[in-house]
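Participant: Take this structure first; my questions come after.
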Amino acid sequence: MAVTDALRSVRAAWHWERDEVLAMQVLLLRRSFPMTLAASLLTSLGTVWVMSLALPVHTMLWWFGVHLLVVTGVYLGLHPLPRTHKTPRQDAWRLTLCMAAMGLIWGSLGMVVWWFSSNTDGVIYYVGILSTVSSGALGLGAPMYRGYIVYLSCAVGGVLVALALTSGPVTLPAMVMVAVYYGLTCLHARNLSQAARDSIELKFENERLVTQLRAQTQRALLAQEAAERASQDKSRFLAAASHDLRQPLHAMGLFLETLLRTPLNEHQSTVLGHARSASGAAAEMLSTLLDYSRLEAGVIKAHRAPFAVQPLLSALEQEFGVQADASALVYRTRETSAAALADKSLVDLVMRNLISNALRYTHQGGVLIACRRRAGRLALEVWDTGVGIPPQQTEEIFREFHQLGNPERDRRKGLGLGLAIVKRLAAEMNTQVEVRSREGRGSVFRLWLPTWSGALLVDDGPDTSDTTRQLCGLRVLAIDDDEAVCLGMQALLQSWGCLCTAAASAQAALAQYTAHTRPPDLIITDYRLRHEETGKEALQVLRAHWGEHIPAIILTGDTSPQRLRDAQSTAALLLHKPVSSSQLMLAMVELTPQPQAPMPASAAAAP
């Protein structure tokens, strides 16, 4: 059975592996062969010493000399492996020939023993030495099974020939034992070769997986870079589009406000009202874009302060109640005496987005705004009887530009940024917004706020009764490279009694002021001017020219995060286009020094 298995192993050894595995096998044997040759030389010296007990010394020295020549030749033959201009199979043939030479030199020792030995002692010594040598070479030669079988066959063949030529009672049993040893060694070599081949296959598989992983990582990095470029392109597009759209809207708003101050008949007043409504709708859409860009720019920061919730809810009802009435919806506000500790302006912006969103998706029924105390916190709630939200969409609705029920992208339904802004504003205030909804039944959005139980300061609001009187005679320099905006601004400011000078740039403004002309009391400048000039740079030039810090307002329609941060870094008030007349008026009053109250006569006469 062992002989049959050995024959099968020898037959299987003549089938080469595929080239990449074969190349690795050749490389492994080439690396281990110098140690193999050194071990063979040392073993041959021991063989000369042992065999000298049964053979003449000069005979063994001759054999050692031949062995040394073979080892040298094998070393020279293996030294250039692997060869770049040869295939792995050709290198494997050379390696097999070298192993055959080593096997023949050890097998030739059997013929030397048979020729020069007069008894069986030399054969016994030789069999023991050869089994030791073959077993020692097993671990070094097993990676390439074919080469090791050739080596073992050449070495054991010499033993079998020597035993066959030696007569005696032990010849046949010895030949059988050698054959069994040969078969078992072949089986063991096959197992070791299989383990080595599996290790090589695993190495190649790991390398393939690493290559795939690197390729996937590279594709992921390229995709990330493409996504970042797309995001930057989107921001630049939104910034440019917002600025270009805000310019005519801003000018139109200024002209409409000026027109509102002129005598109009009933029909003209109706048309003007429609025009102002259309302008307000467009301004609201652009304001949404601006809010989102300001959040991306990181220029919105929460400033917590205690405030009463009911005045905020009442102001929202006054604004959105009219919109609900126009849509035949019920708008209700549940009164509350609660106070919150949060940024009131950001809370107002969150509630505006939530209420606007509720009215947009409610077609019958109505909207309820409430404030409840729960678990030591306040929950500002917006209830609606709208279409509801599918459960799988409750997270998606907070993504940018994501809208439900608007596949045609009808811009009358907004841009899909409202809830994304709500989520970011809530994160800025270190709180959260939760949503509960049932399809076809409606939704409720809750903004959680910390409650306030202390005293509240009374905020009477700005006194605008004598605002126009405060601005009368104010010297204002308006800078804008858009002629329509300049004319609109000049007309509006002159209607308030201001002395307005309009210019397209800082240099053009300086050209209108002589050395004896007093500098303006206030500068109003657009952020984007001609020739890549910015409002920040224009202010620096003008303030340096007059040598004083003139109050200033920067108007911008730009939504680019970087430009918003740059504009905010100036010591000026930043307003975003389109600017309403009331917003501009209040800003001017805020920056204009108020006249001191006259001192009482008794106080003036006091020493």
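Participant: Do the alpha carbons of any pairs in K301/K536; K536/K577; K344/K423; K301/K423 sit beyond 20 Å of each other, and which pairs?
Facilitator: Over 20 Å Cα-Cα: K301/K536.
Participant: Just grab the label-to-label distance for W62 and E439, each label 7 Å out from Cα along the Cβ direction, in nm (one decimal).
Facilitator: It is 10.1 nm.
Participant: Arrange the peptides 96-109, 324-337 so that the one whose residues have, on average, the most other Cβ atoms within 10 Å appears first. Let's see the in-between values first.
Facilitator: Values: 96-109: 21.9, 324-337: 14.0.
Answer by packing, highest mean first, reads 96-109, 324-337.
Participant: Same structure, new question: So for each of 483-491, 537-545, 82-90 I average, over its residues, the number of other beta carbons within 10 Å; can you give me the resulting order with the highest mean first?
Facilitator: Packing order, densest peptide first, comes out as 483-491, 537-545, 82-90.
Participant: Next up: Got the relative contact order for segment 300-450 handy, in percent, Cα pairs under 8 Å and 6 or more residues apart?
Facilitator: This gives 25 percent for segment 300-450.
Participant: Over segment 467-591, what relative contact order in percent results from Cα pairs under 8 Å that are six or more residues apart?
Facilitator: That works out to 23 percent.
Every read-out reported here was derived from the displayed coordinates using simple, explicitly stated rules and does not represent laboratory data. Computed from a predicted structure; not experimentally measured. So basically every Cβ, Gly included, is an ideal-geometry build from the backbone, and we count neighbours across all protein chains shown.
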